[in-house]
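Contents: one structure, followed by commentary.
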2 protein chains.
Amino acid sequence: MRLESKESWLRLGRPWTWGLDVSTLYDCARLAGVSTATVSRVLHGHDRVSATTRARVLEVIQQLGYVPDGAAQSLSRRRKQVIGLVSVDRASDPIALESSSLLFADEVLHGVEATLRAKDWSLLISFCGEGDPRAFERLYSMSGKVDGLIVSEGIVGSEQLVRLAAKVPVVVVAGSRHGASTDVVTADNYAGSTALTRHLVELHGIRSFHYVDGPSSAPNALERRSAFENVIAKHKEVELVSTSRGTFSVESGRRAVEAMLKEQPPRMPEAIVCANDHMAIGAIQALAGHALAVPEDVAVVGFDDIYPGSLLDPPLTTVRQPTRSLGERACARLLERVNDPALPSVIEVLPTELLVRVSCGCGEGTRGARGPARMSAQHRRTVSGSRRSGSSKPRRTAGS
Amino acid sequence: MRLESKESWLRLGRPWTWGLDVSTLYDCARLAGVSTATVSRVLHGHDRVSATTRARVLEVIQQLGYVPDGAAQSLSRRRKQVIGLVSVDRASDPIALESSSLLFADEVLHGVEATLRAKDWSLLISFCGEGDPRAFERLYSMSGKVDGLIVSEGIVGSEQLVRLAAKVPVVVVAGSRHGASTDVVTADNYAGSTALTRHLVELHGIRSFHYVDGPSSAPNALERRSAFENVIAKHKEVELVSTSRGTFSVESGRRAVEAMLKEQPPRMPEAIVCANDHMAIGAIQALAGHALAVPEDVAVVGFDDIYPGSLLDPPLTTVRQPTRSLGERACARLLERVNDPALPSVIEVLPTELLVRVSCGCGEGTRGARGPARMSAQHRRTVSGSRRSGSSKPRRTAGS
DNA sequence: GACAACTGTCTAAGCGCTTACATCTACTGT
DNA sequence: ACAGTAGATGTAAGCGCTTAGACAGTTGTC
């Protein structure tokens with residue numbers, strides 16, 4: 001039976017390659033007149049091969065255009081060198097497109113990819129609609145194809161996350177802790193929201209607020225709101241006029257403010273704080289529909305620093321999350337854990353940064369003429385300390 | 001030696017799983033008291049297994065939480081069920097972020113993923129900086145990890161694409177044909193640009209243009225420009241005042257228009273046509289800096305329909321590419337080719353769609369008051385026929 | 001009762017690598 | 001001259017799965 005095997009070493013045409021020119025390690029070995037072990041050693045360098053042999057083998061590899069089969073390597077090495085990333089999909093529908101935190105997930109993705117690329121690992125991607133009932137199933141079967149998994153908060157429940165983490169190392173991005181088995185990398189929503197609220201209260205002297213909350217299931221929304229409320233509570237003279245809840249979408253922000261405007265008796269706040277930028281965009285649209293100017297009649301702020309924020313009129317004051325770093329750190333942490341699954345789990349909080357633009361009432365002078373000039377990205381001004389400091393500790397930024 | 005092998009079937013603890021609870025097909029077989037073949041058949045259904053056995057095996061699988069190893073399956077099936085997607089990276093730097101066609105690539109990605117997900121295949125992602133010298137190397141080694149590759153135009157040269165296609169099926173997205181071996185899926189830039197230009201000439205009666213071209217290496221830019229020029233050439237009374245070349249970035253658009261404004265003698269066109277939206281944004285910024293209103297003083301149009309386009313002031317008239325469909329079609333085509341590499345290569349052109357907003361001079365009435373009201377996405381108006389018609393044939397849209 | 005035709009299950013080869021171990025040379029020191 | 005050592009290379013097991021082919025048991029046919 002070994003004889004047959006040996007014969008197979010000498011075969012070249014593999015019928016299933018269907019005209020594609022694919023060669024194996026055996027082909028290289030045969031052509032170079034060495035054993036497969038030697039070819040493998042040449043390929044990986046980490047073993048002594050004589051210079052002559054190495055040269056000969058390299059030449060054959062070059063000539064055949066040999067590329068090692070990833071599946072075979074994974075199987076043999078007992079390591080796939082692949083990380084899976086599962087995040088929320090956006091639908092193809094343009095409305096839903098705006099509504100989801102689309103740019104956020106894509107930025108995280110780029111961060112992860114860059115980290116992996118540097119280590120020569122690969123990235124396997126999958127998206128799930130929010131609340132997709134088959135999400136867990138998909139994640140679970142994905143665990144057989146990767147060495148570790150990066151999962152966005154909100155894809156699957158806590159209990160399922162724990163089950164998953166028993167099979168494969170898991171890092172949760174932008175979420176909260178789930179049991180002792182998963183790592184978490186998230187942004188300092190609390191500090192960001194605190195800085196933003198203090199900016200409004202202490203610098204602009206705003207005394208009455210409307211708050212547009214995010215979905216109750218989102219830990220992010222929770223933290224942002226609780227920070228907001230804590231600042232309000234510290235200032236006796238400041239009042240939270242009313243609150244509404246949105247879904248993080250532009251449309252829901254618009255509706256929230258429409259509803260607020262229709263309230264009887266009408267109670268106009270001095271500022272509207274939205275749990276994310278999309279809703280802030282919706283809020284501004286709604287206000288514009290009622291001929292209310294931002295920030296003259298009412299200030300509006302968001303959270304996230306999505307791409308179009310600086311192009312808006314007025315440019316949106318918001319809090320920047322280190323989105324790409326979130327991906328980078330999550331990935332780095334995951335790789336550590338893959339190397340030692342026994343590592344104690346940690347929760348890593350990256351600093352956020354207050355971006356003061358115009359919609360809060362700041363701006364050059366008393367706010368210049370309206371118009372396209374507003375579209376410049378130059379309005380961005382960094383308020384918190386140095387950006388992207390190496391430290392990953394929460395940085396409580398002073399409010400102004 | 002076979003005896004050793006048999007013994008190994010009975011082993012359960014695999015030292016290298018390091019505390020992660022991973023079980024193999026053999027574990028299942030042993031616990032269920034059947035052979036691995038039977039477990040495999042139960043898993044895949046496509047073979048007759050008695051109801052009793054099936055139930056017993058399923059229970060064991062459930063109990064162990066067994067997930068098949070992807071690498072082993074790939075190796076054994078001689079098919080990885082993985083597609084690779086390589087597109088252009090954006091840097092982390094926010095300036096560069098704006099400059100690249102970031103949203104475009106991400107949209108394509110989502111289209112590809114959705115198609116793959118439906119078939120239970122996986123998606124391997126990699127990004128390359130534009131002009132990355134190691135791009136080919138990375139693509140080449142990726143070919144050992146996937147069954148097919150989707151590559152953005154501009155990542156590697158034509159000759160390298162051909163070499164790649166000899167190893168693994170390749171589909172090029174948003175590009176032009178490269179030899180007989182790769183498929184191409186692209187958008188109908190020519191028709192889109194024609195419709196846009198005709199809209200300006202025939203509806204708005206514009207008689208003088210400035211054109212901001214894209215990089216000369218981009219086939220997209222070429223097509224857009226040639227369509228533009230052909231329309232101009234058909235109208236004797238219309239003049240192309242001047243032309244400049246940008247890099248598709250916001251900044252380059254701004255610079256192009258700054259340069260145009262500084263020209264001596266000053267020659268102000270009635271409209272500025274930009275080869276993409278980013279440059280159009282830059283153009284509008286530059287004009288605003290010189291107190292020139294869009295579209296009152298000069299009309300500006302772009303191409304691509306990037307996300308912020310509808311949020312701008314004024315909302316940007318542009319041409320929509322079916323970005324997500326581009327990904328979907330590329331993927332579908334690739335899967336066909338994976339199943340039959342001998343298929344003749346095709347070039348598939350998806351229809352584009354003129355989106356008339358405000359920056360061309362359209363808009364409700366004679367353009368309402370400036371201000372946040374402009375941010376509404378409602379300004380979008382579809383001019384060409386029904387959107388997303390099933391047909392993939394170029395659709396030459398009438399200019400108005 | 002012999003034989004064919006199923007049916008359900010098992011055996012074991014093989015997918016293309018990596019790598020522990022065995023082997024073979026060529027030196028070195030005594 | 002010979003054991004000892006180190007360097008270069010070969011051998012073959014094994015990674016976890018799929019599946020062709022073997023095999024035993026059951027039914028149906030004449």
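The values are calculated or read from the model by the stated rules, or taken from the named source; none is laboratory data. These numbers were taken from a predicted model, which means no experiment stands behind them. Every residue, glycine among them, receives a Cβ derived from its backbone with ideal geometry; neighbour counts consider all protein chains shown.
Quick notes
- Flag if A:S122 is within 29 Å of B:D89 (Cβ to Cβ), facing chain B (nearest Cβ under 10 Å) and either out of contact with any Ser or Thr (no Cβ under 7 Å at 6 or more places or on another chain) or hydroxyl-bearing (S, T, Y) (or both): yes
- Filter pass, A:Q81 being on the phi > 0 side of the Ramachandran plot and either within 14 Å of chain B (Cβ to nearest Cβ) or within 8 Å of DNA strand C (Cβ to nearest atom) (or both): yes
- If the condition is being under 16 Å from B:V67 (Cβ atoms), buried (at least 18 other Cβ atoms within 10 Å of the Cβ) and within 13 Å of chain B (Cβ to nearest Cβ), then region A:141-162 contributes A:M142, A:S143, A:G144, A:K145, A:V146, A:D147, A:G148, A:L149.
- Within region B:111-124, the set of residues being free of Cβ contacts under 8 Å to residues at least 40 places away in the same chain and hydrophobic (A, V, I, L, M, F, W, C) comprises just one member, B:A118.
- Output for region B:28-51, where each listed residue is more than 6 Å from DNA strand C (Cβ to nearest atom) and over 42 Å from the mean Cα position of the chain (by Cα): B:C28, B:A29, B:R30, B:L31, B:A32, B:G33, B:A51
- Selection within region B:50-78 - among the β-branched types (V, I, T), within 11 Å of DNA strand D (Cβ to nearest atom) and either more than 9 Å from every other protein chain (Cβ to nearest Cβ) or surrounded by fewer than 17 Cβ atoms within 10 Å (Cβ to Cβ) (or both): B:I61
- Apart from one condition, A:V88 fits all of (1) within 16 Å of DNA strand C (Cβ to nearest atom); (2) at pLDDT below 95; (3) β-branched (V, I, T); the exception is (1).
- Filter result (outside any strand (DSSP E or B), touching a Pro at 6+ places or on another chain (Cβ under 7 Å) and in contact (Cβ under 8 Å) with a residue 24 or more places away in the chain) within region B:125-158: B:E153
- Region B:232-289, residues that are more than 14 Å from chain A (Cβ to nearest Cβ), of a type in the set (A, V, I, L, M, F, W, C) and assigned to a helix (DSSP H, G or I): B:I232, B:A233, B:A256, B:A259, B:M260, B:L261
- Qualifying positions in region A:185-217 - surrounded by fewer than 22 Cβ atoms within 10 Å (Cβ to Cβ) and closer than 27 Å to A:R333 by Cα: A:Y190, A:S217
- Single residue of region B:13-49 satisfying the filter (within 10 Å of DNA strand D (Cβ to nearest atom) and aromatic (F, W, Y)) that is farthest from A:R337 (Cα to Cα): B:Y26
- Among the residues of region A:290-312, some residue qualifies, meaning at least one is under 21 Å from the mean Cα position of the chain (by Cα), without any contact (Cβ under 8 Å) to a residue 60 or more places away in the chain and in a loop (DSSP other than H, G, I, E, B).
- Selection of region A:96-124 for residues being outside any helix (DSSP H, G or I), at pLDDT 95 or above and polar (S, T, N, Q) yields only A:S122.
- Only one of A:T317, A:T352 that is more than 23 Å from A:L85 (Cβ to Cβ) and modelled with pLDDT of 95 or more: A:T317
- Residue within region B:167-174 that is within 14 Å of chain A (Cβ to nearest Cβ), surrounded by fewer than 22 Cβ atoms within 10 Å (Cβ to Cβ) and within 16 Å of DNA strand C (Cβ to nearest atom) present: yes
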